[in-house]
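Please treat every number below as a calculation from the coordinates, not as lab data. Note that the structure is a prediction, hence the values are computed from the model and not measured. FYI the Cβ positions are ideal-geometry reconstructions off the backbone, even for glycines, and counts take in every protein chain you see.
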Amino acid sequence: MARFIWQRLLQAIPVLFVVISATFFLVRFAPGGPFSQEKAVLPEIKRALEAQYHLDQPLLVQYGNYLGDLLHGDFGPSFKYPGRSVNELIASGFPATAELGLYALLVAVILGMAAGLMAALRPHTWRDYLPMSLAMTGICMPTLLLGPLLVLVFGIWLEWVPVSGWGDVAGDKILPSLTLGAAYAAYVARLTRGGMLEVLSQDYIRTARAKGLPERVVIFKHALRGGVIPVVSFLGPAFAGLLSGSFVVETVFQIPGLGRFFVQAAFNRDYTMILGTTTFLAVLIILFNLLSDVLAAWLNPRVRGTLGEKK
Amino acid sequence: MSTTAEAIRYERGTSLWRDAWRRLARNRLAVAGAVILAFIIVACLLAPWISVYGYEEQDLVLGAAPPSAAHWLGTDTLGRDLLTRILYGGRISLMVGLTATSVALLIGVTWGAIAGYFGGRLDAMMMRIVDILYALPFMIFVVLLTVVFGRSILLLFLAIGAVEWLTMARIIRGQVQSLKCQEFVEAAVSLGLSRRAIIFRHIVPNAIGPLIVYTTLTIPAVMLLEAFISFLGLGVQPPMSSWGSLISDGVETMEEYPWLLIYPGITLSLTLFALNFLGDGLRDALDVRSSRD
């Protein structure tokens, strides 16, 4: 297991390198720059600004310097928020995004697994069709529509919950978390149903039942363990989706998170901020994928044995 | 070309397709999806003839009005007919869906077929790249591409297409791997055909079933991405509209004029529903195991 994790971490290094380099050159070859949009910036001032941020040096030198700084964990200064470093900005935006992502993931796993279990235990009855059609709705209803609709109905018409903000008023975290989690809850429900149906038809479940174990033990102890493996492997990619999905949710609900920073940085050509957020998110996603693979392996003894070996 | 391989493929092909067609026709949800989809597509295509209003025609005196006999779905803040704007916006949304999916299809099929056919180290390397790309936050790259290279619709197609080809490549690779050992491929090899001809004329057409299924499932994913980008204000620029940008406009005024959010929203969701049901139905009909769930 340790060897497997080690291997994956080593593999992540070239991946990160490619991501950083691609992003670096992509933003640099694009038209416009961080100081070209400001009105009435005198050429001398612009030159001075560029000199201050070393933008006047050859591109490859800048690239080398950037990579060097990055090795020390330094993302550099932000171009649009003078005097603040990208590290600070990420640190200020990340807690909200992480919290939102965590709640959304909880919504997805709890709601999704409950619905999937309910469906799998009574397949082809209304207890199957009802949650599964809800899941289909969840998949077809984009966050950018679900969010505003929830705000309209529960925030504006019924006035049950606050319509925006994050941590300002009690209950303002409910709608964003539900919005972001809904689509993933739907996927989790479908995966749970599929996984459980497959496991429930296997011999060892029949054995467990034949032993006279109570149904509760059969389902939750024997079947669930195998049935949730697809869900666990889905969590890694889901996390990546949650992070990028949070762009929209953060925009709709005006949450000061990383997603909004990133979109603004992209608009403003804030080179270091774009690179910093991209790198940061890529690292997070790689780690999370690894975590979900490890977890899935731990649940499935057949995979566990093969992990350390080379394929 | 008139080898036995060709003949066998032909015979198996027809019966398979007829079977699949019957199974599809019995799936009510899939049929309903196909009908709704056809209706929406035809309505959008015939927009100039259906609607008596111009697409940019403003009526500032009227302003935002709720649905009425003259304006079936109401008007927006500039007095433009919402139905007209939804129909014209649908042209953009559907076009993005189709074009970007074609781009994804082209890249995915080529990539997957080459990896699957040649196997070995090339395959390992190519699929490793796919694995890596899978793990990355793609929205970031789409946002970056659209911001960086201007907001042309064409670019939007390419950016989205370049993102959505991964699963396609995986599916095709699996198909090709199992097809390349069959006799008709051996026959083609012994006839001395070039590798390109073997891959694209003999192997890929046999993988068409999963291809169709996955294409139907990619279109909604792509349309969602477009809506997403337009929602962030990076996609289609006014006065043009897509369903995503209409929803985004609707959100701003949803408190006073909820219909501006609700009708475009219904249209988008209904289309996504129809496509997903049709895709699921096709998958069941053609009995394809998708890697999606």
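In this structure the amide hydrogen of B:T75, modeled in the peptide plane, comes within under 5 Å of the amide hydrogens of B:A65, B:L82, none closer than 5 places in sequence on its chain.
Where the alpha-carbon atoms of segment A:221-281 are placed on the principal axes, they occupy 53, 25, 12 Å, in descending order.
Grab the beta carbon distance between B:L154 and A:R209, set R0 = 45 Å, and tell me the FRET efficiency rounded to 0.05.
Details: r = 60 Å, r/R0 = 1.32.
E(calc), rounded to 0.05, equals 0.15.
Net charge dipole, segment B:48-145: roughly 380 debye, given to the nearest 20, about the Cα centre with Cβ charges of +1 for Lys and Arg and -1 for Asp and Glu. Can you give me the angle between helix B:4-26 and the longest principal axis of chain B, using Cα atoms only, in degrees from 0 to 90, rounded to the nearest 10? Approximately 40 degrees, to the nearest 10.
Is it possible to state the helix-based mean residue ellipticity at 222 nm for chain A, with each DSSP H run of 4+ residues giving -39500 (n - 2.57), the sum divided by total residues, to the nearest 500 deg cm²/dmol? What is it? When only DSSP H runs of four or more count, the value is -23500 deg cm²/dmol.
The Rg/Rh ratio for segment A:122-202, using Cα coordinates for both the radius of gyration and the Kirkwood hydrodynamic radius, is 1.12. With only Cα atoms counted, segment B:202-248 has Rg and Dmax values of 15.4, 47 Å.
Our estimate of slack between A:L67 and A:T137, defined as 0.36 nm per intervening residue step minus the Cα-Cα distance, is 20.7 nm.
Treating segment B:32-111 as a set of equal point scatterers at the Cα positions, no solvent, please give the Debye-formula log₁₀ I(q)/I(0) at q = 0.11, 0.14, 0.20, 0.25 Å⁻¹. Taken in order of the listed q values, log10 I(q)/I(0) reads -0.40, -0.57, -0.89, -1.11.
Think of each Lys and Arg Cβ as +1 and each Asp and Glu Cβ as -1; about the Cα centre, that makes the dipole of segment A:16-144 roughly 360 debye. Taken over the protein assembly as shown, the alpha-carbon convex hull comes to 205 cubic angstrom per residue. Ordering A:S201, A:F261, A:G245 by the projection of their Cα atoms onto the charge dipole of segment A:187-268, which places +1 on the Cβ of Lys and Arg and -1 on the Cβ of Asp and Glu, puts A:S201 at the extreme positive end.
3J(HN,Hα) couplings calculated from phi for segment A:76-92 with the Karplus curve 6.51 cos²θ - 1.76 cosθ + 1.60 (θ = phi - 60°) are, in sequence order, x, x, 7, 7, 9, 10, x, x, 10, 8, 4, 4, 4, 5, 4, 4, 7 Hz; Gly and Pro show x. Check each of the trypsin sites (Lys or Arg not before Pro) in segment A:207-247 and keep only those in coil by DSSP with at most 16 other C-beta atoms within 10 angstrom; list them in order. Sparse-neighbourhood loop trypsin sites (Lys or Arg not before Pro): A:K211.
Among the aspartates and glutamates, which have Cα under 19 Å from the Cα of A:K80 when same-chain residues fewer than 8 positions away are ignored? Here the aspartates and glutamates satisfying the reach criterion relative to A:K80 are A:E38, A:E44, A:E50, A:D56, A:E88, A:D270.
If R0 is 51 Å, what FRET efficiency do you get for A:Q254 and B:D131 from their C-beta distance, rounded to 0.05? Efficiency at R0 = 51 Å is approximately 0.90. The tail of the calculated P(r) for segment B:43-197 beyond 21 Å holds 63 percent of all Cα-Cα pairs. Given in Å, the Rg to one decimal and the Dmax to the nearest whole number for the Cα atoms of segment A:167-311 are 20.3, 66. Rounded to 0.05, the FRET efficiency of the B:R195 and B:I266 pair, given R0 = 56 Å and the Cβ-Cβ distance, is 0.70. For segment A:257-297, the alpha carbon positions stretch 43, 16, 10 Å along the principal axes, listed from largest to smallest.
Structural size metrics of chain A, computed from C-alpha coordinates, are Rg and Dmax of 23.9, 85 Å.
What the pair-distance distribution of segment B:118-232 shows, using all Cα-Cα distances binned every 5 Å from zero, is 2, 9, 17, 17, 16, 13, 10, 8, 4, 2, 0 percent. Could you estimate the translational diffusion coefficient of segment A:51-90 from the Stokes-Einstein equation, with Rh from the Kirkwood formula over C-alpha pairs, at 4 °C and 1.567 mPa s, in whole µm²/s? Once the numbers are plugged in, D ends up at 121 µm²/s.
With the convex hull drawn over the C-alpha atoms of chain B, the volume per residue is 152 Å³.
Placing a pseudo-label 7 Å from each Cα along the Cα-to-Cβ vector at A:K46 and A:F25 gives an inter-label distance of 2.6 nm.
Taking 7 Å steps out from each Cα toward its Cβ at B:L98 and B:L45 produces label points 0.7 nm apart.
Tell me, what does the Kirkwood hydrodynamic radius of segment A:1-124 come to in angstroms if you use every pair of distinct C-alpha atoms? Walk me through the numbers before you get to the answer.
Values: mean 1/r = 0.0526 Å⁻¹.
It works out to 19.0 Å.
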